[in-house]
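The structure appears right after this line, and notes come after that.
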Amino acid sequence: MSDIPEADRSGEAPHPRETTQLFGQSAAEAEFLDAWNTGRLHHGWLLTGANGVGKATLAWRIARFLLTDPPAQADTLDAPPGHAALPRIRALSEPSLMLIRRPWDEKAKKLKTQITVDEVRRLGSFFGLSAGGRRVVIVDPADELNPSAANAILKLLEEPPAKATLLLISHRPARLLPTIRSRCRVLRLAPLEPDALEAAVVQAGGHPAAANPLAEGSVGAALELADGGADTYEALVNLLSKPQMDRARARAMADACAGKAGAARLDATVTAIARLLHRAARTGLLGPPPDAPDAEVRTLTRLAPHDAAARVWARLAQDIGDRVAHARAVNVDPAAIVWDALARIDAQARQI
């Protein structure tokens, strides 16, 4: 089992359950502690914010806190050192904890693209066998629940077992069922300030210089940019810098994502596309980011010269994100996924 990748681990960084310190999210921690100390602990919590700002790390801190006999009045989420449950939590063998994430497909020898309903159904036996004590469920991320799995989680939120706490991690909460959102208390995690970002990057095994402003306060984004993502984004910015996209270069960028050898390139390219559309939408409303290099400023300004363009790029970002997710779920050729996204961006840019 040690050779099977973990769907909720980001690259080579330590898994969030192995990360003991959370940087820059004291407000979210204080909000949860207030609910605990006042006896208003909700059964469902939705942890939201950009990818890589510490949502999973906070979820695991909460899990350790709840499962290590916390005092009725607590001033920190730190678990007591040496508690017997801590090594079990770290090893995913604690009987009062269940982690729901994308499972391994033994037949295809890869992680499934969604969290299946079979994974959620395991909670039936989990709650049956662990009846009587406090139980914690982490869903990471809830965005990857397929429709049947989402409905199963909803039923659990509607009829929660006693002393159960569900921690749902979500990068894009707007895509969740409204009924799931309405039955959870929301903990919003903000982008990290520069000092917190640098400390978190170092804790994750990165170099302090990896705290790139382009990461916009996200540890995951900073590590991804340092691992070649910055070069991919720069290539995308250059590709879209002219009034008419160079189709030959665009085709080469798409073809580089094909096959198993291009899997990492596909992830980096899809991330770069999402980043560009996000920054273009924000440029149309607020102007280009103050720390953006001149080449990026020129491209963003061309793409989003006014607020109407901002709305266009925001809609297209969501549309392309949905199309990419669906295409990956049904094993569409990776080159076709990237080419479709680039062609749609180019077509839209010509209309602005």
Between helix 230-239 and the chain: long-axis angle, C-alpha atoms, 0 to 90°, nearest 10: 40 degrees
Check: the stretch 214-350 dipole with +1 on Lys, Arg Cβ and -1 on Asp, Glu Cβ, in debye: 460 debye
Potential lengthening between T20 and E159 on full extension [0.36 nm per residue; Cα-Cα distance subtracted]: 46.8 nm
Candidate aspartates and glutamates for bridging to K112, where Cα separation is under 18 Å - those fewer than 8 sequence places away on the same chain excluded: D3, E6, D8, D140, D143, E144, D267, D322, D333
Relative contact order of the chain, pairs being alpha-carbon contacts under 8 Å that are 6 or more residues apart, as %: 17 percent
Neighbour-limited loop hits for GluC sites (Glu not before Pro), the stretch 49-149 (at most 16 other Cβ within 10 Å; DSSP other than H, G, I, E, B): E106
Pairwise FRET efficiency - D195 versus V297, Cβ, R0 = 41 Å, nearest 0.05: 0.95
Between the stretch 64-82 and the stretch 270-315, the Cα center-to-center distance that results, in Å: 44 Å
For the stretch 94-165 versus the stretch 31-62, the gap between their alpha-carbon centres in whole angstrom: 18 Å
FRET efficiency estimate (nearest 0.05) - Cβ-Cβ, D231 to I352, R0 25 angstrom: 0.40
Set of the stretch 126-170 residues, backbone N closer than 18 Å to the point 7 Å along the Cα-Cβ line of D118: 126, 145-153
Theoretical gain in end-to-end length, E12 to R251 [0.36 nm per residue, Cα-Cα removed]: 83.1 nm
In nm, spacing of pseudo-spin labels at A329 and K260 (7 Å Cα→C-beta vector): 2.6 nm
Angle in degrees between helix 194-203 and the longest Cα principal axis of the chain, rounded to the nearest 10: 70 degrees
Using θ = phi - 60° and Karplus 6.51 cos²θ - 1.76 cosθ + 1.60, couplings along the stretch 167-175 (whole Hz; Gly, Pro as x): 10, 9, 8, 9, 7, 9, x, 5, 8
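Where a number appears in this text, it was derived from the coordinates with a stated rule and is not lab data. Bear in mind that the values here come from a model prediction, so they are computed numbers and not experimental data. Glycine gets a Cβ as well: all are built from the backbone with ideal geometry, and neighbour counts include every protein chain shown.
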